[in-house]
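Student: Please see the structure below; I have some questions.
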Amino acid sequence: MKYESQRVAMPYFVFALILFAGQIVFGLILGLQYVVGDFLFPEIPFNVARMVHTNLLIVWLLFGFMGATYYLVPEEAQTELHSPLLAWILFWVFAAAGTLTILGYLFVDYATLADVTLNKLLPTMGREFLEQPTITKIGIAVVVVAFLYNIGMTALKGRKTVVNIVLMTGLFGLAVLWLFSFYNPSNLATDKYFWWFVVHLWVEGVWELIMGAILAYVLIKLTGVDREVIEKWLYVIIAMALITGIIGTGHHFFWIGPPEYWLWLGSVFSALEPLPFFMMVVFAFNMINRRRRNHPNKAAMLWAMGTTVMAFLGAGVWGFLHTLAPVNYYTHGSQITAAHGHMAFYGAYVMIVLTIISYAVPIMRGRPYGNSNTAQIVEMWGFWLMTISMVFITLFLTAAGVLQVWLQRIPESGSALSFMAGQDQLALFYWMRFVAGAFFMAGLVVYLGSFFVKGQAAPDEEVRGTPTQDA
Amino acid sequence: MAERFTKSMARNIYLGGSAFFVLLFLALTFDTQLRAMPERDNRNELTEEVVRGKHLWENNNCVGCHSIMGEGAYFAPELANVFDRRGGGDTEVFKSYMRAWMNSMPTNIPGRRQMPDFNLTDQEIDDLSAFLEWTSKIDDNDWPPNIEG
């Protein structure tokens, strides 16, 4: 850690991991409710647990992105953070707002929550992933703008690297697109169209810039490869992400009202959306093969490789599986969508945040070369347990989805099974998904346990060899 | 060989490519929203009742279990075509179905998925029915494939 103010990233990472644990607990509750329908009813109905599960994910990823930004922007800019105090204030404001919102979901009836938070003045609630009370949405906007100010002032007064520019662009896009969460017309078709400006253009647009920048930063640090080479890759990857992803939004416009030309545009461009993720895999493995140093933090290296592979599988391959309009006609809104969503979010965004945590947290704890070998082994066990469990969650949900489509979607009206009759036939796969989810929880416990293993990697484990032949 | 492709070329592809596609996306959005949607989304029948129904839909977080035009949660049935599935396309039949359904929730059958009792008035249930009926008439390229949603 070169600048003292980078340390402000620490509370962001710690709180992110706490929320992550909460997210998984609610994931297990949901998984069980799929097979034991009345589990925890009426105390925690499915819709409440789901809202907690997805909102915790979004909020902890935002904490992770902010932590990553506070950590890497000062170092890239070669200057102290503009205002560490502001960063601390924003941390507490965001943490309090997030916690209160989740507690509101759990302990207040949703309609009452809408009522007491004066949703009727500016109705924005009750839409998937945007369930937050309007006041919370305003809070998020304020926190993000102040955060951008703090980071922007830092980046502007120092060295302007491509990593910083791309990261700032992604975060700025995130903030601008968030404004669409306040637009909720009474026409459902219009509402849905612009809802995707937040949801799709975040996760298949500007968040890919954030992911690319964090990945590039970590690879520069871990491999010692020339910054020029890494920055060139970063530009090409984000170019592909935006060139395919922006018009790729059209794959959400197939069945919600927009005209038929979106069937073509959405299919063609979103079929190309795996490209940037594939390039990230090639990028990461290439840079690691051409490394000029063997960084002793092997766990961070594993996360960096893992995030590219899993993002490519989850976002790329599983996205492609159902993105073409003739396929999507049958699979839209089935368990196949859920399978894709789980692996894509885990691979791309959960794992990139865990990558930067794996790299940065040991340094902030005074272990510049990484955690002790034992701690790294425990962390890698966490990596494999969580990642393999997520692969199985995805496979079981995919199997459930294929069967659901076969029973409920493909037959003609009259011979197709009703939704609930179909769900009964999927119970076996839902049980297996639940078991895989329990293994994921075990993996998370192991992962979190790795933070409590003492000791650090020794400098002499750092092997600075001669450059490899093709470097 | 690779050196011929420089960083500034990569940056130009990024800037030019994204600027072009942002503009194209905006143009398509204008065409979709201003030209195409008015003829497809049934907005002439967007009554006060439908608007109230949409607010009820949102304030009770219906999308937390159900999907509507395939979006939402996958825990409970698709509702964009429930007007056709349960009401047979008839407004009065659908309204009485909805009143009977909403007032019999939750079923409390052990082990089965449960829908909460949202304590809606008859007027509110009618508003919700109007919203679902209106939604069923949006031209969504003939999705879903069959009546089961």
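The values are calculated or read from the model by the stated rules, or taken from the named source; none is laboratory data. Predicted, not measured: the structure shown is a model, and the values here were computed from it. Glycine gets a Cβ as well: all are built from the backbone with ideal geometry, and neighbour counts include every protein chain shown. Heads up: the accessible areas ignore ligands, DNA and RNA and are worked out on the full protein's heavy atoms, side chains in. Shrake-Rupley method; radii C 1.70, N 1.55, O 1.52, S 1.80 Å.
Student: Quick one: angle between helix A:274-289 and the longest Cα principal axis of chain A, in degrees between 0 and 90, rounded to 10, please.
Tutor: The angle comes out near 30 degrees.
Student: Also: Taking the Cα-to-Cβ direction at A:Ile138 and at A:Arg293 and moving 7 Å from each Cα, how far apart do the two end points lie in nm?
Tutor: 4.8
Student: Using the Karplus equation 6.51 cos²θ - 1.76 cosθ + 1.60 (θ = phi - 60°), what ³J(HN,Hα) coupling, rounded to whole Hz, does each residue of region B:131-140 give in order, writing x for Gly and Pro?
Tutor: The phi angles translate into 4, 5, 5, 4, 4, 5, 9, 5, 6, 10 Hz.
Student: Next question, about the same structure. To test your reading of the geometry: what angle, between 0 and 90 degrees and rounded to tens, separates the Cα axis of helix B:91-103 from the longest principal axis of chain B?
Tutor: So the inclination is approximately 80 degrees.
Student: In terms of modelled amide H atoms, which long-range or inter-chain residues lie less than 5 Å from the amide H of A:Asn371?
Tutor: Residues meeting the amide H criterion: A:Ala457.
Student: Would you tally the net charge around A:Ile363, using a Cβ to Cβ cut-off of less than 12 Å, leaving A:Ile363 out, and scoring K and R as +1, D and E as -1? Present the calculation step by step, with values, prior to reporting the outcome.
Tutor: Values: positive: A:Lys2, A:Arg7, A:Lys221, A:Arg365, A:Arg367; negative: A:Glu75.
Net local charge, A:Ile363 excluded: +4.
Student: Determine the dipole magnitude for chain B: charges of +1 sit on the beta-carbon of Lys and Arg, -1 on that of Asp and Glu, nothing else is charged, the reference point is the Cα centre, and the result goes in debye to the nearest 20. Don't skip to the end; give the middle numbers.
Tutor: Working: 15 positive and 23 negative charges, 172 e Å.
With Lys and Arg at +1 and Asp and Glu at -1, about 820 debye.
Student: As I understand it, the value is the acute angle between the Cα axis of helix A:134-157 and the longest principal axis of the Cα atoms of chain A; what does it come to in degrees, rounded to 10?
Tutor: 20
Student: Count the net charge of all other residues whose Cβ sits under 13 Å from the Cβ of B:Asp127, scoring Lys and Arg as +1 and Asp and Glu as -1. Could the numbers behind the result be given before it?
Tutor: Working: positive: B:Arg52, B:Lys54, B:Lys95, B:Arg99; negative: B:Glu48, B:Glu49, B:Glu58, B:Asp122, B:Glu124, B:Asp126, B:Glu133.
Charge balance near B:Asp127 sits at -3.
Student: Taking amide hydrogens as modeled 1.01 Å from N in the peptide plane, which residues meet the under 5 Å criterion relative to B:Arg113, leaving out close sequence neighbours?
Tutor: Close amide H contacts, sequence-distant or interchain: A:Gly37.
Student: Next question. Expressed as a fraction of 2.2 N^0.38 Å, the rule-of-thumb size for a compact globular protein of N residues, what is the C-alpha radius of gyration of region A:119-234? Before the final figure, lay out each step's value.
Tutor: Numbers: Rg = 17.2 Å, N = 116, 2.2 N^0.38 = 13.4 Å.
Cα-based Rg divided by the globular estimate yields 1.28.
Student: Taking a probe of 1.4 Å and counting only protein heavy atoms, give the total accessible area buried between chains B and A in Å², rounded to the nearest 100. Walk me through the intermediate numbers first.
Tutor: Numbers: alone 10460 and 19720 Å², together 23600 Å².
Answer for the B-A pair: about 6600 Å² buried.
Student: Compute the accessible area per residue over chain A, keeping the other protein chains in place, probe 1.4 Å, unit Å².
Tutor: On the way: 16540 Å² over 471 residues.
With all protein chains present, chain A gives 35 Å² per residue.
Student: Additional query: Exceeding 27 Å between C-alpha atoms, which entries from my cross-link table qualify? They are A:Lys137/B:Lys54; A:Lys137/A:Lys192; A:Lys2/A:Lys157; A:Lys157/A:Lys221; A:Lys160/A:Lys454; A:Lys192/B:Lys7. Write down the numbers at each step before the final one.
Tutor: Details: A:Lys137/B:Lys54 20 Å; A:Lys137/A:Lys192 18 Å; A:Lys2/A:Lys157 17 Å; A:Lys157/A:Lys221 22 Å; A:Lys160/A:Lys454 37 Å; A:Lys192/B:Lys7 39 Å.
Violating the 27 Å limit, Cα to Cα: A:Lys160/A:Lys454; A:Lys192/B:Lys7.
Student: For B:Thr47 and A:Arg159, what is the calculated FRET efficiency with R₀ set at 60 Å and r taken between the beta-carbons, to the nearest 0.05? Numbers along the way, then the final one.
Tutor: Details: r = 59 Å, r/R0 = 0.98.
It comes out at approximately 0.50.
Student: Continuing with this model, one more query. For a label point 7 Å from the Cα of A:Met1 along Cα→C-beta, name the residues of region A:364-408 whose backbone N is under 12 Å from it.
Tutor: Only A:364-368 pass the distance filter.
Student: Sequence gap at least 6, Cα distance under 8 Å: using those rules, report the relative contact order of region A:208-346 to the nearest whole percent. Write out the running numbers ahead of the final one.
Tutor: On the way: 174 pairs, mean separation 36.1, N = 139.
In percent, rounded to a whole number, it is 26.
Student: Oh, and also: Any idea how far apart A:Thr374 and B:Val93 come out in nm if each label point goes 7 Å out from Cα toward Cβ?
Tutor: The modelled label-to-label distance comes out at 7.2 nm.
Student: If you don't mind, another one. Quick one: Cα centre-to-centre distance for region B:37-115 and region A:141-197, in angstrom?
Tutor: 33
Student: Counting Lys and Arg as +1 and Asp and Glu as -1, what is the net charge of the other residues whose Cβ lies under 12 Å from the Cβ of A:Gly401? Kindly include the intermediate steps, with their values, before the conclusion.
Tutor: Details: positive: A:Arg409, A:Arg433; negative: none.
With Lys, Arg at +1 and Asp, Glu at -1, the neighbours total +2.
Student: Just which residues of region B:91-115 lose 20 Å² or more accessible area with every protein chain there, against their chain alone, with the probe set to 1.4 Å?
Tutor: Output list: B:Gly111, B:Arg112, B:Arg113, B:Gln114.
Student: Rounded to whole Hz and in sequence order, give me ³J(HN,Hα) for region A:81-86 from the Karplus expression 6.51 cos²θ - 1.76 cosθ + 1.60, θ = phi - 60°, writing x for Gly and Pro.
Tutor: For region A:81-86, the Karplus-derived couplings read 4, 3, 9, x, 4, 4 Hz, x marking Gly and Pro.
Student: From the helices alone, meaning DSSP H stretches of at least four residues, give me the mean residue ellipticity at 222 nm for chain A, per-run term -39500 (n - 2.57), in deg cm²/dmol to the nearest 500. Numbers along the way, then the final one.
Tutor: Numbers: 19 runs with 320 residues, N = 471.
So the helix-based figure for chain A works out to -22500 deg cm²/dmol.
Student: Leaving out ligands, DNA and RNA, and with a 1.4 Å probe, what % of the accessible surface on region A:21-97 is carbon or sulfur?
Tutor: 75
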